[in-house]
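Below you'll find the structure, written out as structure tokens, and then a few comments.
Bear in mind that the values in this text are calculations on the coordinates, not laboratory data. Bear in mind that the values here come from a model prediction, so they are computed numbers and not experimental data. Please note: Cβ atoms are built from the backbone with ideal geometry, for glycine as well, and neighbour counts cover all protein chains shown.
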Amino acid sequence: MPVYRPLITGTRHMISAGHHAAAHAGFAILEAGGNAIDAGVAAGMAVEVLQTDRVNFAGVAPILIYWAEQKRVINIDGLGTWPRAVTPDYFMKHHAGKIPPGLLRTIVPAAPDAWITALEQYGTMSFGDVAAAAISFARDGFPMHAFMADYIRSHEKQYRRWPSTAEVFLPNGQPPVVGELFVQRDLARTIQYMADEEKTAATKDGRAAGLNAARAAFYSGDIAATIVKYHKDNGGLLSADDMSQFRVRFEKPLRTTYSGVELYACGPWCQGPVLPQALSVLAGYDLRTAGHNTPEYIHLVTEALKLAFADRHRYYGDPNFVDVPMDTLLSPEYAARRRQLIRPGEAWPGLPPAGNADSTIQVKLPKPTRGEPAPAADTSYVCAIDRFGKTSVSARPTIV
């Protein structure tokens with residue numbers, strides 16, 4: 001069957017994003033002389049406007065950067081923390097161990113600091129320059145796309161629970177339709193305020209001072225005060241200290257190889273290790289012989305992912321609080337034991353049991369099943385590479 005979408009190649013730079021307009025925003029930065037980090041941040045913030053049903057400017061944004069000059073991979077965790085008021089037993093005491101919908105699910109917003117930190121350490125342009133597209137999309141609006149329209153319509157009841165949310169996502173009291181201009185004026189003012197504060201400080205004291213001013217505008221200035229007041233007035237727990245004392249962390253990325261290719265991933269504080277774990281299992285098969293997207297190929301990949309996700313549920317956690325046996329989970333010996341649970345023509349109906357990090361487990365396989373429908377997507381992605389020694393950035397902004 002002929003394919004009418006051309007294979008995209010480039011000789012100078014390239015970028016991919018979860019929305020075509022975000023990719024265009026990042027590409028414009030590359031064309032203007034910015035590096036991959038500048039472009040990735042621009043596209044990432046644009047995605048947070050263009051797919052704000054799935055990702056969020058005040059969400060999280062784990063970032064991996066390949067810095068060619070030093071031939072190393074850098075991981076900015078981009079991960080928010082719980083408010084200090086959330087003690088280890090808080091939800092057990094007050095909500096029977098469940099996290100209720102609404103403000104109590106809120107962690108400290110990490111994405112703004114992640115973007116600014118990436119710019120500060122590895123970018124070349126100002127926050128205002130790379131935020132310009134996001135500000136424009138929020139202020140002037142963009143044509144509502146089917147992906148977002150379907151999501152809002154299917155979650156209309158949830159949006160109506162909170163008047164301030166309904167005001168944004170249900171303009172004129174109704175879900176937006178495809179092609180309708182969708183405007184987010186408050187979000188535009190928020191990002192513009194950060195850019196204005198940066199410009200004032202940078203004019204006087206230089207780029208670094210400007211970036212710090214943009215960060216301060218969000219985490220300790222008027223934006224932080226607005227966020228904290230909303231929490232106080234509506235039963236939330238986020239405090240001024242939670243905001244002002246927050247900083248993203250630099251983490252050591254995981255490293256493994258598959259078929260001679262080096263693979264890097266974020267650590268077990270997120271689900272990043274799932275991919276290298278699944279590939280470790282698949283290393284025991286000849287997928288080329290199986291044929292791309294054949295039933296055998298799809299079965300092997302799916303079952304390997306199930307095994308990795310089962311271990312995610314059992315073992316993954318923040319290494320500051322949980323002892324995660326990553327060396328064992330990524331070892332060839334452990335992968336070989338897990339591989340024994342995959343059989344031709346037999347699929348686990350859900351997740352199989354987690355593995356035993358110390359010894360072989362014997363589990364009876366269930367009857368074949370068609371499985372359950374996949375859950376709705378709730379994140380997006382940005383990847384850029386530039387001409388400056390093949391420096392690249394990979395970021396996965398997410399809503400919280």
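Can you pull the three principal axis extents for the Cα set of the chain, in Å, largest first?
Computed over the Cα atoms, the extents are 64, 57, 43 Å.
Extension gain residue 346-residue 320, at 0.36 nm per residue separation less the Cα-Cα distance, in nm?
Net length gain for the segment: 5.5 nm.
If you rank 81, 52, 289, 257 by fewest surrounding Cβ atoms within 10 Å, what's the result?
Taking fewest neighbouring Cβ atoms as first place, the list is 289, 257, 81, 52.
Amide H neighbours of residue 124 under 5 Å, at least 5 residues apart or on other chains, H built in the peptide plane: list them.
Under 5 Å from the amide H of residue 124: 35, 38.
For the range 55-138, would you read off the P(r) tail past 23 Å as a percentage of all alpha carbon pairs?
Percent of Cα pairs beyond 23 Å in the range 55-138: 42.
Would you please classify the overall shape of the range 78-224 from the alpha carbon gyration tensor, given that a ≥ b ≥ c denote the square roots of the eigenvalues, rounded means a/c under 1.5, and beyond that prolate means a/b larger than b/c while oblate covers the rest?
oblate
Using a Gaussian network model of the chain with C-alpha springs under 10 Å, which one of 46, 357, 36 is most mobile by mean-square fluctuation?
Comparing 46, 357, 36 in a Gaussian network model of the chain, the most mobile one is 357.
Once phi is turned into ³J(HN,Hα) by the Karplus curve 6.51 cos²θ - 1.76 cosθ + 1.60 with θ = phi - 60°, what whole-Hz value does each residue of the range 224-239 show in order, with x for glycine and proline?
4, 4, 5, 4, 5, 4, 4, 4, 4, 7, 10, x, x, 10, 5, 10
For the chain, set up a Gaussian network in which alpha carbons nearer than 10 Å are linked by springs, and say which option among 63, 298, 116 fluctuates the most.
Looking only at 63, 298, 116, the biggest GNM fluctuation is shown by 298.
Springs between alpha-carbon atoms under 10 Å, Gaussian network over the chain: tell me which of 246, 321, 147 tops the mean-square fluctuations.
Looking only at 246, 321, 147, the biggest GNM fluctuation is shown by 321.
From the cross-link list 98/232; 98/157; 71/306; 229/252; 157/232; 199/252, which pairs have alpha carbons spaced over 27 Å apart?
Correct reply: 71/306; 229/252; 199/252.
Under the rule a/c < 1.5 gives rounded, and otherwise a/b versus b/c splits prolate from oblate, where does the range 1-76 land using the Cα gyration tensor?
Judged from the Cα gyration tensor, the range 1-76 comes out oblate (a/c at least 1.5, b/c at or above a/b).
Going by alpha carbons, how many degrees (0 to 90, nearest 10) lie between the helix axis of 127-140 and the longest principal axis of the chain?
Between the helix axis and the principal axis of the chain, the angle is about 80 degrees.
Quick one: Cα centre-to-centre distance for the range 1-55 and the range 183-201, in angstrom?
Computed from Cα coordinates, the inter-centre distance equals 22 Å.
Between the range 95-118 and the range 260-290, what's the alpha-carbon centroid distance in Å?
Cα centres, the range 95-118 to the range 260-290: 28 Å.
Tabulate in residue order the Karplus-calculated ³J(HN,Hα) for the range 339-346, using 6.51 cos²θ - 1.76 cosθ + 1.60 with θ = phi - 60°, rounded to whole Hz; enter x for Gly and Pro.
Calculated HN-Hα couplings, in order: 4, 5, 7, 9, 10, x, x, 10 Hz.
Taking neighbour Cβ counts within 10 Å as the exposure measure, how do 7, 263, 300 sort from fewest upward?
In order of increasing Cβ crowding within 10 Å: 7, 263, 300.
Explain nothing, just compute: Karplus ³J(HN,Hα) = 6.51 cos²θ - 1.76 cosθ + 1.60, θ = phi - 60°, for every residue of the range 58-74 in order, whole Hz, x for Gly and Pro.
For the range 58-74, the Karplus-derived couplings read 9, x, 10, 8, x, 10, 10, 10, 9, 9, 4, 4, 10, 6, 9, 10, 10 Hz, x marking Gly and Pro.
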